[in-house]
Amino acid sequence: MEYRYYITTAIVVVVLQLFLYSFAKTIGWLFNLSARSQKITHLITFLAINTMVILHVTRTFTLFRVMAFVLVLLLFAFFVSFLTACIYKLTKGNPSVNRSLKVIYPFAFLGLIGLGFYNAYVPTVVHYSIKIDKPLDKPLRIGMASDLHLGKLFGAKQLDQLAEIFNQEKVDLILLPGDIMDDNLEFYRSENMQNSFSKLKAPLGVYATLGNHDFFGAQESIAQAIRNAGITVLWDQAVEINGKFAIVGRNDDLVKNRPSAEQLLQSVNTKLPVFLLDHRPTEIEKHAKLPIDIQVSGHAHKGQVFPASIITKIIYRLHYGYEKIGLGHYFVTSGYGFWGVPMRLGSQSEVMIIDVEGKDF
């Protein structure tokens, strides 16, 4: 288990208390509860939710997904409560406005939940066009999707949709930079997702690397399952494609002894265009000094649910989107799937399409 999960849990517990207080105050306002009833409501929600947290932290029960879902719902309620409180203050407590806000509140809350589900399950296709400083015999269209997190809530239907998107976009090459599975293969196998996963095809091949969620103990089995779907897993290795370009794939940095990108490039003809799959966008500035033309990454999910995007933007040099840095072109996707709960706010499930043109001979 990574230390970041312990840090995340501590932050969640602190923020949770603020959300619980806001929730209790909102319930009191919506239903005109007396001060005593508000205190009872606050006490009940405080005990129920914090008991759940304690049971999870002490590993009495595994309740992470339930906790995450509750936290997101409380966050959405906080957003709506904050907005209604601002309107109430601006109108100086106008009674008619107050009544209207009470009617609108549940619709706004449910609308925010609906938007969260929509952003998680309805992907957008984002196009980029770049020109690299090495020759290509013809333009190349790359399809990239990261962070599928295949599991109980995201599976065969979404894989079928992804295959359809890549087919419609007529991609030449597909790159999948990590977090293919959601920790293990339990639901991948029980839902027989291999049939759908194997639909991902491209003329120049489909290549994947493993992310942190693929390295929670089942990495060998996960890598084999991906291979069984006809996808090439690059396990800290490089391949040359028809003498036209090279693809380098790195394992996630959970593998502390993984080779550096510089070490992996020693076996690569860097006169050719070099495409790197590296799940986390943590070493972009190092890679910008190497003969890497394109790097594709994921991991950050663009925060998945606002305001986490503020944190990811602080942590990473490039937490989302595209930027030309140094010698290369860098792409970080918000991810095709999601982590924890099937909701996104301030981000959306996406597929990147990258049109690459080489320099003139």
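Here region 149-214 has 43 percent of its accessible surface on carbon and sulfur atoms, given a 1.4 Å probe and all protein chains in place. Stretching VAL14 away from PHE216 to a fully extended chain increases their span by 70.0 nm, per 0.36 nm per residue minus the current alpha-carbon distance. Residue separation of ALA48 and PHE31 scaled by 0.36 nm, minus their Cα-Cα distance, works out to 4.1 nm of gained length. Our summary gives the chain a relative contact order of 21 percent, counting only alpha carbon pairs under 8 angstrom and 6 or more residues apart. Taking R0 as 25 Å, what's the FRET efficiency between ARG65 and ASP253 from their Cβ-Cβ distance, rounded to 0.05? Efficiency computed from Cβ-Cβ geometry: 0.50. For region 114-178, the convex hull spanned by the alpha carbon atoms encloses 112 Å³ per residue. What region 132-173 shows is 42 Å² of accessible area per residue, with the surface traced by a 1.4 Å probe over protein heavy atoms.
Per-residue extension of 0.36 nm, minus the Cα-Cα distance of VAL57 and THR124, leaves a gain of 20.5 nm for this segment. Based on protein heavy atoms only, region 190-243 ends up with 43 Å² per residue of surface accessible to a 1.4 Å probe. P(r) tail for region 11-109: Cα pairs beyond 24 Å make up 29% of the total.
Working note: Karplus 6.51/-1.76/1.60 with θ = phi - 60° gives region 152-167 the couplings 4, 9, 8, x, 4, 4, 6, 5, 4, 5, 5, 4, 5, 4, 4, 5 Hz, where Gly and Pro are set to x. Over the chain, dividing the summed -39,500 (n - 2.57) contributions of all DSSP H runs of at least 4 residues by the number of residues returns a 222 nm mean residue ellipticity of -14000 deg cm²/dmol. The modelled label-to-label distance for the pair GLU186/LYS289, using points 7 Å beyond Cα in the direction of Cβ, is 4.4 nm.
What separates the Cα centres of region 81-97 and region 304-343 is a distance of 35 Å. Annotation: amide H of VAL305 within the under-5 Å range of LEU345, sequence separation 5 or more or interchain, hydrogens built in the peptide plane. Look at the alpha carbon pairs under 8 Å that are at least 6 residues apart: their mean separation over the length of region 105-253 gives a relative contact order of 20 percent. The share of accessible area on region 316-361 that comes from carbon and sulfur is 53 percent, using a 1.4 angstrom probe.
The values are calculated or read from the model by the stated rules, or taken from the named source; none is laboratory data. Bear in mind the structure is a predicted one, so any value in this text is a computation, not a measurement. Positions of Cβ are generated from backbone atoms using ideal geometry, with glycine treated the same way; all protein chains shown enter the neighbour counts. All accessible areas refer to the heavy atoms of the entire protein, side chains included, with ligands and DNA or RNA removed. Shrake-Rupley method; radii C 1.70, N 1.55, O 1.52, S 1.80 Å.
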